[in-house]
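This report refers to the structure that appears directly beneath it.
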Amino acid sequence: MQQLKLNIAAEINDDKHTELTFTLANNSPDTIKLDKLCFTFIYARIKKTYSNAKILKQVGTYYELEPPNKVMLEGEEWQFTCIVETILNQYTDLPAGVFAVNGEELVNVEYSKADKIAARIVDMADDVEPVEISKNSRRVNCFPLPNEMVHFSGIADLSRGFALNTDGIFADSFDNAVEIERDFDGDYNLFRLSNQGIELNLIADDGLASEAYRLKIDAQKIDIWAADAAGVHNALMSLWQMAALDKINVACVEINDAPRFEWRGQHLDVARQFFSMDEVKRFINHMALYKLNKFHWHLVDDEAWRVEIKALPQLTEQITSRGYGQMVEPSYGSGAKDEGGFYSQQDMIDIVAYAAKRNIEVIPEIDIPGHCHALIKLMPELLEADDASEYTSVQGYKENCLNPALPQTYDMLDKVFCEISDIFTSEFIHIGADERAHGSWEKSPKVAELMAEYGYNSTEQVQTHFLKQVQEIADRYGKKTGAWEEASEQGDIKKDGYIVSWKGVEAGINAAERGYNVVMSPAQYCYFDMAHSTDFDEPGLTWTGGRVSLQNVYNYDPIPKDISAEIAVHFKGIQGCLWSENLYDKSIVDHQIFPRMIALSEICWVEVTHKNYADFSHDLKQYHQPMLDGLNIQYRRKDFK
């Protein structure tokens, strides 16, 4: 491939818009021909005006531009401008996945992360949040903070391994912990059996709640009491953290602990960027360390379908990858060629089993009726040919919404739900229901007939109709549904599942007041694809209007202080979300997650009266940072200054 070099300079004009100057240079000794320059630009709906370049195509975040001169001599440059009607706050807001095309030939374009950072728009100092002096350290490496912990004199030497005594219901618990330790990066060998080891007793105690545990470490033995294997898992994770870095000098403590919330979740978007099986397992293994117990697996979206459905083999034959000339266009930095990928049914069965050994339930998400661009390109029969509706989704797609008045829509979904219901043991399937574009269905004759038949007067009522039909499909296969907050805002659906509140906190409160079970995941506190700070060097999005700092996460409490006990019971817990639009650079994944996921685990677990950010911040640096280094986690260093 021939070599072109792109530089982008940026400045903010008087209108508070960002003016980008693109300079594409031919640095090779050859004459290079190009028909178009191609890239992705994350904010698809924000107006952009180009000068000295013609837009040939835009689909979602993908752009193709035509140059005024299609021949570039050695040393020649093509310069053009783009005015973006917003301020680009972070380096990851700039174009990505850049390449050029000459006929059928792909032309390489060099444009690096360093090039983006060099385009710094505003020289903003990194946010530094004041932190009070810690007064009540936990004194050991144990995250999340136990709700009750008593220190007493002495130390335990665990370097000899363990002589295990266990009640039968915990027969697999130690072996599961061995697997968790094995799958961490680094050379750890705490959990090993030895006749000469310290006594480890796993004792059934029906008086404890599910997932609760008691852990007592003294110099002669370790006792763990729990009512179920989940409680033993939680105890062993506490023990591992306290002992893994120094097995000889383990503090003698007694812990009496239980989680505040039953739902302690973390979401991962594998549709925008594909994560390999090893990457998904690594993600789940880290969740297990911090006692998170719900893995929300976002498997399909506009950009790709990642789930093998044997009744619909074309799904994984044609829309699991995207790229130039493919059925699905490049998006979110994927570039000209993107191998993509999908999870076979055996892969998903393996992930469910892997997570179960770590006390984690896997909830799959099939996002409908919107977010279906790739699916509809493959199966245009899911749209009505006579539908004249005009709409554009938040992500820039013009036809991404399934038609709810067509029987083939439900036939397709029945095939999907039938197969995934056998794969996933969770009682829930998440059905999305978010961000259906304004204007969709409004000029569909079939939808108009449906509205007349049922007496509906808005497409919002049609969405509720659709979701109820989907719930009936799920019910046939023994499943309940989860959904994003929009599902509860446009009419009443069955309330035996749950709603995830994501745009803010009000939707979750309103849903709980109407009797829905609610998982709180407001983007302002729980979206880990958001930037940590205002520093341009930070990766991440900023559409919330602010940043999601470590302190923002830690100080969040999902239950309003003035809420009644009757309504409070509907708040099932909290969930972090990691959307992957900007994660084409996988090197930033750990940076986005850590240590924010640790803060999430603590607010999921510990009672409000025990929370203190100054203590958390102190202990994170004092006790936990060496463990993160040992696990080879590429965490955000600025949180440890």
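The values are calculated or read from the model by the stated rules, or taken from the named source; none is laboratory data. Please read these numbers as outputs of a predicted model, since none were measured by experiment. Glycine gets a Cβ as well: all are built from the backbone with ideal geometry, and neighbour counts include every protein chain shown. The accessibility values were calculated without ligands, DNA or RNA, using every heavy atom of the protein model including side chains. Shrake-Rupley method; radii C 1.70, N 1.55, O 1.52, S 1.80 Å.
Given region 1-80, what strands (runs of 3 or more DSSP E) lie entirely inside it while holding 3 or more residues that are open to solvent by 60 Å² or more (accessible area, probe 1.4 Å) and out of contact with any Gly (no Cβ under 7 Å at 6 or more places or on another chain)? Those strands (runs of 3 or more DSSP E) span 3-12, 54-59.
For region 227-251, the set of residues classified as over 15 Å from residue 190 (Cβ atoms), surrounded by 24 or more Cβ atoms within 10 Å (Cβ to Cβ) and hydrophobic (A, V, I, L, M, F, W, C) consists of 232 only.
Within the bounds of region 163-170, is there any residue that is within 21 Å of residue 253 (Cβ to Cβ), in contact (Cβ under 8 Å) with a residue 24 or more places away in the chain, open to solvent by 60 Å² or more (accessible area, probe 1.4 Å) and not in a strand (DSSP E or B)? Among the residues of region 163-170, not one is within 21 Å of residue 253 (Cβ to Cβ), in contact (Cβ under 8 Å) with a residue 24 or more places away in the chain, open to solvent by 60 Å² or more (accessible area, probe 1.4 Å) and not in a strand (DSSP E or B), which makes the answer no. Could you tell me whether region 32-47 includes any residue that is more than 31 Å from the chain's Cα centre (by Cα) and farther than 16 Å from residue 106 by Cβ? Within region 32-47, none of the residues are more than 31 Å from the chain's Cα centre (by Cα) and farther than 16 Å from residue 106 by Cβ. Taken together, 427, 442, 435, 449 contain a single residue that is touching a residue at least 24 places away in the same chain (Cβ under 8 Å), under 21 Å from residue 394 (Cβ atoms), charged (D, E, K, R) and open to solvent by 50 Å² or more (accessible area, probe 1.4 Å), which is 442.
Is it the case that some residue within region 596-603 is modelled with pLDDT of 95 or more, surrounded by 15 or more Cβ atoms within 10 Å (Cβ to Cβ) and outside any helix (DSSP H, G or I)? The answer is no; no qualifying residue exists.
Of all the residues in region 335-388, those that are open to solvent by 10 Å² or more (accessible area, probe 1.4 Å), under 21 Å from the mean Cα position of the chain (by Cα) and within 18 Å of residue 444 (Cα to Cα) number 1.
Among the residues of region 538-590, the ones that are surrounded by fewer than 21 Cβ atoms within 10 Å (Cβ to Cβ) and on the phi > 0 side of the Ramachandran plot come to 1 in all. Among the residues of region 485-501, those that are open to solvent by 30 Å² or more (accessible area, probe 1.4 Å) and touching a helix residue (DSSP H, G or I) at 6+ places or on another chain (Cβ under 8 Å) comprise 489, 490, 492, 494. In summary, residue 504 fulfils each of the numbered conditions (1) out of contact with any Lys or Arg (no Cβ under 6 Å at 6 or more places or on another chain); (2) buried (at least 21 other Cβ atoms within 10 Å of the Cβ); (3) under 19 Å from residue 578 (Cα atoms) with the single exception of condition (2).
Taken over region 512-526, residues that are open to solvent by less than 10 Å² (accessible area, probe 1.4 Å) and not small (Gly, Ala, Ser) amount to 6. Just one of the numbered conditions (1) under 23 Å from residue 219 (Cα atoms); (2) of a type in the set (Asp, Glu); (3) without any contact (Cβ under 8 Å) to a residue 60 or more places away in the chain is not true of residue 157: (3).
In region 171-183, the qualifying residues are those that are in contact (Cβ under 8 Å) with a residue 40 or more places away in the chain and not in a helix (DSSP H, G or I), and the one that is farthest from the chain's Cα centre (by Cα) is 172. Taking first residues from region 394-405 that are within 13 Å of residue 432 (Cβ to Cβ) and partners that are charged (D, E, K, R) and open to solvent by 10 Å² or more (accessible area, probe 1.4 Å), the Cβ contacts under 7 Å between residues at least 6 apart in sequence or on separate chains come to 401/436.
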